[in-house]
């Protein structure tokens with residue numbers, strides 16, 4: 001008996017931070033176009049141009065395809081933390097609590113073949129679903145340094161903050177809008193303090209702190225999908241994780257005092 005087509009009961013809002021992604025963004029949009037079941041009526045695709053110096057913004061402005069694409073332009077390259085803050089604010093503006101907010105890498109390394117499984121987990125009750133390369137997935141065509149950093153970040157966050165998640169830094173996630181809204185209301189402007197790639201671990205920690213149900217789905221990340229180099233810089237990212245864990249330790253010490 002054939003498997004019935006995947007159907008969503010709620011709309012999706014995609015948030016895609018992009019910095020100098022003119023070579024990759026058209027491919028990502030085409031990938032979404034080929035999966036209309038993931039973009040049901042009422043959905044939106046929000047591209048946050050994080051101060052790009054190439055044609056990233058123009059690609060969105062000139063887009064004439066079937067996707068409901070929107071553009072947010074930041075005045076400079078502030079980093080993914082600022083891009084997510086702006087994207088989440090726009091996503092939650094007018095978004096129903098039962099909608100799903102999907103965050104993606106603009107460089108096409110997010111494997112959209114896994115998204116239906118991630119959304120199904122969210123529909124079943126998960127409030128945050130992580131694409132997990134260390135929970136059954138693989139990192140393919142990725143440098144040894146990046147693999148070590150990714151695994152090290154997961155280990156450090158689990159030990160330093162107490163989050164039981166294997167993959168903490170990937171952009172590829174599904175949030176239930178109600179959980180993201182609850183976290184935004186609780187933390188306000190401090191929901192995302194980190195400007196760099198550590199912002200995803202920070203957000204994960206704060207959703208865990210409010211009791212969000214978090215699940216992981218095994219997903220491969222293939223660096224060969226990307227045109228160009230990764231935008232992640234190693235030293236600033238390491239410093240971001242150090243600041244995150246230091247703030248967490250200070251908070252625990254205050255709570256114990």
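Taken together, the values in this text are just the output of simple stated rules run on the coordinates, not laboratory data. Just so it is clear, the structure is predicted and the values come from calculations on it, not from any experiment. Don't worry about glycine lacking a Cβ; one is built from the backbone with ideal geometry, like all the others, and counts go over all protein chains shown.
Here the label points at residue 209 and residue 54, each 7 Å from Cα along the C-beta direction, are separated by 3.7 nm in the simple model.
Available extension along the chain between residue 113 and residue 76 is 10.1 nm, counting 0.36 nm per residue and deducting the alpha carbon span. By the count of neighbouring beta-carbon atoms within 10 Å, fewest first, 111, 98, 49, 93 end up ordered 93, 98, 111, 49.
Mark the label point 7 Å from the Cα of residue 89 along Cα→Cβ and return the residues of the stretch 172-193 whose backbone N is within less than 11 Å of it. The answer is 189, whose backbone nitrogens lie closer than 11 Å to the label point.
For the peptides 117-124, 193-200, the ranking by mean Cβ contacts within 10 Å, running from highest to lowest, is 193-200, 117-124.
Place the peptides 50-61, 28-39 in order of packing, highest mean first, counting for every residue the other Cβ atoms within 10 Å and averaging per peptide.
Details: 50-61: 18.1, 28-39: 16.4.
Result, highest mean Cβ count within 10 Å first: 50-61, 28-39.
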